[in-house]
Each structure stands twice: as C-alpha cells, then as structure tokens.
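Following: one structure in structure tokens, then a few remarks.
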Amino acid sequence: MHLTLQQLKLFEAVSRLSSYTRAAEELFLTQPAVSIQIKRLEEQAGLGLFEQVGKKIFLTPAGKEMYAASVDILTRVKELKIAIDELEGSIKGSLQVSVVTTAKYFLPNLLGSFLQLYPEVEPKLKFTNRARILDRLMNNEDDFVIMGQVPEDDHLEAYPFLNNIIGIVAPADHPLANKKNIAIEELTNHRFLNREIGSGTRYVFDKLLEEHGLKIEPYMELGSSEALKQAVMAGLGITALSVHSVQLELEVNKLTILDVQGFPLKRRWYVVHLKGRKLSLVGRTFLDFILKESHQILGEEYEE
Ligand code: PGA
C-alpha cells in the first residue's frame, strides 16, 4: 500500500472526531482537502473506511483496522522524534499544551518566561473548556493539559502548581458588596450568571450547591469567563469565577469578591498527563519549570 503519514494523520483525526469538518478545522485544512485524502486512502485499502448512517459517520471493519494501525504508526513517529531530540540533548521542538479557558489569565505569562530560557521550543497552545480538555487528555493528544478540577482517575498523573481561588464576583457597588458572612442561600435571591455545562468552574460551583441542597437557575449562561466578567461589570448579575480572571478589575475597584459562607473555594491548578505517557525532554523541562517557577513569576503565594 502506498500510504502517506499525512493521510494517516487526517484519517486518525476524522475517526477520532467522527467528522470531516472538525478534523479539517483541527488540522487547518479545508474539508474537501481532507475528503480527497481519505478517498485516496480508501482506494489504497481497496475497501471503504467509513460508512454514513444518517448524518453520522462510522468506521467500517476495514476502517477500524486502519485506525488501530494509524494510532500505532503515529505514536511511533512521535516517539522517534522524541528519541532523536534526546540524543541531540538540546531543549527544542514541539510542546503541545491544552489549557482550560480560565487558565488563559496566567499561562501565557508562564510560557513567555519559559520561552525566554528555551527559545527553540515550538509551543502549541489550545484553550478550551474542561469537558473538551478531558477528551483530549484521554486521547493522549497533548504533552500536558492544565486544568483546575482533575477527575479521580488512576490513569492520570496530576501535579498541583498554583492556587486557584474561586469567589463570588459582583460589581463593586452591588448591594451585597459590604455585607459580611452572607449565607449561601442568599445567592438564590440575586440574578446569577453561570458558565456553560462542561466548564470546570461551573462544575465545582454546582457541586458545592448540591452539597448545600441548593439549586440556582442561572439568569444567563455564558461560554467564557471573559464574557461573564463583562456581563457582571455591566450589572447583569453576579457569578462564580476564578480570581485569576478578575485580578485587574479587582485592583481598579470595578469588581469585588462577596463574603459568602463557604467561599472563596480554595482549589489548585494542575499540570496533568496520562500515566505512562513518555515525556519528551522539552516536556520534562517544561513540567519542572512550571512546578518550580510559577508562583514566583506570578508573584503568588503557594504552599505545597
Ligand atoms: P473552565 O475550567 O475554564 O472550563 O471553567 C476551569 C477549571 O478547570 O477550574
């Protein structure tokens, strides 16, 4: 068979995402370009690799064989690259990190400091919510993911490296702003804005409410911490957010953290990878850097 690595890469992405369109997006190609390559691969295999049922595509038995082989081959090629970089001994090459959206408020800063030390590293960052990060983690797509709420799972290796303080954020002139020790039930009397289902911040907030036997019907659901922050500043309601995302607004007194019982939640940020993943030299260096330097670079207190 005359197959190319690029064809296998496309095929792996289409199979994993069950979509030509999403695979094309992920690989920065057009959808027809992906379809043509998959067609060529099918010609080489002599059998169809996908079948369409309704609007969904599924792997045929030949497709399943091709998928297992693609994952093996692409993993070997990645390992080969790692082995060659190690022999060379220099800290360079790709570093793929997926980051929960909320961590965008500090991760670029840390990465910038890392790249000053190791300018030959080629970083690829992906920002998305916790649910998508978990998919990527389980598919072993990144060197690391950075997230706040790590599921309990023996297959994961998670290293805490920073505090993640989640507070109830309100406009500075909110009626509750100067109240002390506000009962958590009081939150149900105010317009509450929430992140979307799938967000780590939302997950941890919902869990806390559940522990108190409370339910808050959000006045509005917004898909990013940034959007929530803008909405709170516009007086549309209050919300639960990581303090990392509102630091500047707190400093200039546009927003405040309400003194609600049980808050702020003191969580951690973690670097996570699948257990058994062979870390590249770049990966090991990055991990070491993040664990040792983060709090100092960001000027934050942190107790291990
Ligand atoms: P989120 O994740 O940006 O999806 O809310 C934050 C977290 O994991 O704590």
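The values are calculated or read from the model by the stated rules, or taken from the named source; none is laboratory data. In this text the structure is predicted, and so the values were computed from the model without any measurement. Neighbour counts run over all protein chains shown; Cβ positions are idealised from the backbone, glycine included. Ligands, DNA and RNA are excluded from the accessible area calculation, which covers all protein heavy atoms including side chains. Shrake-Rupley method; radii C 1.70, N 1.55, O 1.52, S 1.80 Å.
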So, relative contact order of region 5-86 in percent, Cα under 8 Å, 6 or more apart, is 29
Principal axis dimensions, largest first and in whole angstrom, of region 67-126 by Cα: 39, 30, 10
For the pair Leu279 and Lys81, the simple spin-label estimate (label points 7 Å beyond Cα toward Cβ) gives in nm 1.9
Can you give the Rg to Rh ratio for the chain, taking only C-alpha atoms and Rh from Kirkwood? 1.04
Tell me the net charge near Ser70. Cut-off is 10 Å between Cβ atoms, Ser70 excluded, with +1 for each Lys or Arg and -1 for each Asp or Glu. -1
Leaving out ligands, DNA and RNA but keeping every protein chain, what accessible area does Leu47 have, in Å² rounded to the nearest 10, with a 1.4 Å probe? 110
Report in % the part of the accessible area of region 163-267 that belongs to carbon and sulfur, leaving out ligands and nucleic acids; probe 1.4 Å. 49
When N is the residue count of region 23-66, what does its C-alpha Rg come to as a fraction of 2.2 N^0.38 Å? 1.19
Once region 163-267 is represented by equal point scatterers at the alpha-carbon sites, with solvent omitted, what log10 I(q)/I(0) does the Debye formula produce at q = 0.12, 0.17 Å⁻¹? -0.33, -0.70
Out of Glu88, Glu26, Glu210, any idea which swings most in a Gaussian network model of the chain, alpha carbons joined below 10 Å? Glu26
Percent RCO, i.e. relative contact order, over the chain, from Cα pairs under 8 Å lying at least 6 residues apart: 22
Across region 5-86, how large is the tail of the calculated P(r) beyond 18 Å, expressed as a percent of all Cα pairs? 41
Theoretical FRET efficiency, 1/(1+(r/R0)^6), r = Cβ-Cβ of Leu208 and Val252, R0 30 Å, to 0.05: 0.60
Under 8 Å for C-alpha pairs, at least 6 residues apart: give me the relative contact order for region 163-267, rounded to a whole percent. 53
Under the rule rounded for a/c under 1.5, else prolate if a/b exceeds b/c, else oblate, using alpha carbon gyration tensor axes a ≥ b ≥ c, region 103-174 is classed as oblate
At R0 = 22 Å, FRET efficiency that the Cβ-Cβ distance of Ala68 and Lys39 yields, to 0.05: 0.60
Given the convex hull of the Cα atoms of region 1-143, what is a quarter of its surface area in nm²? 10.2
Formal net charge of residues neighbouring Thr239 (Cβ-Cβ distance under 9 Å; K, R +1; D, E -1): +2
Using a cut-off of 15 Å between beta-carbons, work out the net charge of the residues near Leu5 (Lys and Arg +1, Asp and Glu -1, Leu5 not included). +2
